[in-house]
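Every number in this text was worked out from the coordinates using simple rules, so none of it is lab data. Since this is a predicted model, take the numbers as computed values, not measurements. Note that we place each Cβ from the backbone using ideal geometry, even for glycine, and neighbour counts take in every protein chain shown.
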Amino acid sequence: MQVFERILGIILPVFIIIAVGYGYARLRGERVRSDMGSVNRVSMDVLCPLLVFTALAAKDFDLANSGMLILAGVLISLGSGLIAWPVARLLGYDVRSFVPPMMYNNCGNMGLPLAVLAFGTSGLPAAVALFMACNLIYFSVGIKIIESGRSYHTPFWKFLVSPMMLAMAVGMIFAIFRIALPTPLMQALKMLGDACIPIMLFALGVRMLDVNFKSWHIGLVGAIVCPLGGLVVAWLLDQVMQLDPMQRGQMYLFASLPPAVFCFMVAEQYKQEPDKVASIVLLGNLAALAFVPVGLWMGLPA
């Protein structure tokens, strides 16, 4: 019962904020969704990169100690894609629509807040390390899958110069060379970065109005395959990797997360069956109510 209460205390605040965003958007209508475009732009261009930078540049971030966890994140993302590929072929889904969302889970909007609630602020650097690993795989392998068979291919350098990747690169330099910013400046940047966590959750609730239950079949399959595949790979890695208790818990939490809302936005940009990807995202995030507790149960110490 204590474990159940602990897990409930971790996931309930996240879903309450998502529900508030959804309810506010339903109440205010289309104007809120259009206004959120500016909020999301600020979040993705400024707040989230600052969250990543301050987590990596923090005194308690140990790059060498996080190497195995980053490798675990890479292998879970790739392994989930490998599991999803034959499922897509077997059920007749377009691999370009089904596989990339299985590789890119909601480690930003949902994963970072959950990590803070489960492991405290000391767990944020590890969650950012997994977030970085997932982004690297999605924007390299995932985008290549989406663009397969198309005449236009996005140059990889465009991804490398995005605010998020620049923040990761600079944060890694600060971590490697142990560069310390003046305390007031670091505190100000950290306050701005921390603000993106509730904003991302609220924005996720607003974004839920844009997806629907159309193509529910592929949505249901994706909602199961994404976290189940991730947890299977995490369990296999748990047998061979030497991770400390916090890293092990972070790995299982990461593996249990649903497909990211960002996958829907990319599918819309590429016109890659966005209605089907939307169903995967919507049902996946609803299914997180079942799979995230499983991941926390597998990863948290008794």
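Miscellaneous remarks
- Rg/Rh for the range 132-242 (Cα atoms only, Rh after Kirkwood) is 1.04.
- Two-site FRET efficiency, S151 against R41, from Cβ-Cβ distance with R₀ of 41 Å, rounded to 0.05: 0.90
- Summarised as an ellipsoid, the range 21-112 has semi-axes of 29, 27, 9 Å, derived from the eigenvalues of the Cα gyration tensor scaled by 5 and square-rooted, with the largest first.
- Global form of the chain, assessed from the alpha-carbon gyration tensor, a/c cut-off 1.5: rounded
- In summary, the lysines within cross-link reach of K271, defined as a Cα separation below 28 angstrom excluding same-chain residues under 8 places away, comprise K144, K158, K214.
- Once the chain from L286 to Q187 is taken as fully extended at 0.36 nm per residue, the excess over their C-alpha distance is 32.1 nm.
- Selected from R96, R248, R28 as most flexible by GNM, with the chain as the system and alpha-carbon contacts under 10 Å: R28
- Expected 222 nm ellipticity per residue - DSSP helices of 4 or more, -39500 (n - 2.57), all of the chain, to 500: -25500 deg cm²/dmol
- Modelled FRET efficiency - R0 35 Å, L71 with V32, Cβ distances, 0.05 increments: 0.30
- Largest-first principal axis extents of the Cα set of the range 125-187 (Å): 50, 21, 19
- Springs join every pair of Cα atoms under 10 Å in this Gaussian network model of the chain, and among S151, S140, S38 the largest mean-square fluctuation is at S151.
- Label-point gap, in nm, between L82 and I173 - each point 7 angstrom along Cα→Cβ: 3.5
- For the chain, the residue among H217, V294, M246 whose Cα projects farthest onto the positive side of the dipole built from Cβ charges is H217.
- If you take the alpha carbon atoms of the range 70-121 and fit the smallest convex hull around them, that volume is 86 Å³ per residue.
- Cα gyration tensor shape for the range 195-269, rounded if a/c is under 1.5, else prolate or oblate: oblate
- Considering only T154, T121, T183, the mean-square fluctuation computed in a Gaussian network model of the chain, springs between alpha carbons under 10 angstrom, is largest for T183.
- Potential lengthening between F4 and W235 on full extension [0.36 nm per residue; Cα-Cα distance subtracted]: 81.1 nm
- Under the criterion of Cα pairs below 8 Å and six or more residues apart, the relative contact order for the chain equals 31 percent.
- Cα-projected label distance for V20 with I224, points at 7 Å along beta-carbon direction, nm: 3.5
- Label-to-label distance, nm, for residues given as D60 and L90 (7 Å Cα→Cβ offset): 4.3
- Relative contact order for the range 18-109, counting Cα pairs under 8 Å that sit 6 or more residues apart, in percent: 17
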